[in-house]
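Step one of this worksheet: look at the structure below.
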Amino acid sequence: TSIINYVDLLKSENDEEKRIEYIQVLEEKSFRLKKLIDDLIDASKASTGNIRMELQVIDLHQLIRQARGEFEEVFEKKNLNLRLVEGEGPAYVQVDGQNMWRVLENILGNAAKYAMPGTRVYLESQLTQEHVIVSLKNISWHPLEMTPDQVMERFVRGDQARTTEGSGLGLSIASSLVSLQGG
């Protein structure tokens, strides 16, 4: 609706500065819509298992360190202190590297969007005899009035006022992708 309204405004606007402003808004809203559609498709594929997995042995600790490096600047801009706590040595797991990257990207992106500025975010990995347990802990900007299971459902957002750019699909996609890889 917003895109349609801005197109209508653009059609009737003669002021060039206003037209440029409307075009910028249209561009932002179009990218947001594209991201939402991509997330919906990914959520659908992940929840139905309709994703091709190419499992290979990777060092999950190395992938986590790469993800931390990718998000370091984002966390700094949000005034968040990302702490990495990992088990000793490599953590070899059989996963699809690209989909596991998406999992890390989704959970770190979620923390960057919703963690309270000025706090620490802990990304931890723990080795057991049979598994590698990865967890992310942060303090939410908004109080969460839902169960941990509800947070992982599709379209659920801790920010009920919808003041942030999230779609409510990221953690659901991450959870489905982990399950599809046997996690």
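The values are calculated or read from the model by the stated rules, or taken from the named source; none is laboratory data. These numbers were taken from a predicted model, which means no experiment stands behind them. Using ideal geometry, Cβ is built from the backbone for each residue, glycine included, and neighbour counts are taken over all protein chains shown. These accessible areas exclude ligands, DNA and RNA; they are computed on the full protein's heavy atoms, side chains included. Shrake-Rupley method; radii C 1.70, N 1.55, O 1.52, S 1.80 Å.
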For this session: Provide the solvent-accessible area of ARG102, counting protein heavy atoms only and rolling a 1.4 Å probe, rounded to the nearest 10 Å².
Result: 50 Å²
Exercise. Too long at a 31 Å Cα-Cα cut-off: which of LYS45/LYS77; LYS34/LYS77; LYS18/LYS45?
Worked result: LYS45/LYS77; LYS18/LYS45
Exercise. On average, how much accessible surface per residue is there in the stretch 1-111, in Å², for a 1.4 Å probe, leaving out ligands, DNA and RNA?
Worked result: 67 Å²
For this session: Classify the stretch 23-65 as rounded, prolate or oblate from the Cα gyration tensor: take a ≥ b ≥ c as the square roots of its eigenvalues, call it rounded if a/c is under 1.5, otherwise prolate when a/b beats b/c and oblate if not.
Result: oblate
Problem set entry | Cα-centred dipole magnitude for the stretch 1-92, charges only on beta-carbon of K, R (+1) and D, E (-1), debye, nearest 20 | 280 debye
Exercise. Rounded, prolate or oblate: which fits the stretch 81-132, taking a ≥ b ≥ c as square roots of the Cα gyration tensor eigenvalues, rounded meaning a/c under 1.5, else prolate when a/b beats b/c?
Worked result: oblate
Problem set entry | Solvent-accessible surface (1.4 angstrom probe) belonging to LYS45, in square angstrom, nearest 10 | 90 Å²
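Would you please classify the overall shape of the stretch 1-104 from the alpha carbon gyration tensor, given that a ≥ b ≥ c denote the square roots of the eigenvalues, rounded means a/c under 1.5, and beyond that prolate means a/b larger than b/c while oblate covers the rest? Show your work: numbers first, answer last.
Working: a/c = 4.78, a/b = 1.97, b/c = 2.43.
Because a/c hits 1.5 or more and a/b fails to exceed b/c, the stretch 1-104 counts as oblate.
Leaving out ligands, DNA and RNA, and with a 1.4 Å probe, what % of the accessible surface on the stretch 1-138 is carbon or sulfur?
On the way: 4360 of 9170 Å².
Percent of accessible area from carbon and sulfur atoms in the stretch 1-138: 48.
Based on alpha-carbon atoms only, what is the radius of gyration of the stretch 45-103 relative to the globular estimate 2.2 N^0.38 Å? Walk me through the numbers before you get to the answer.
Numbers: Rg = 13.9 Å, N = 59, 2.2 N^0.38 = 10.4 Å.
Dividing the Cα radius of gyration by 2.2 N^0.38 Å gives 1.35.
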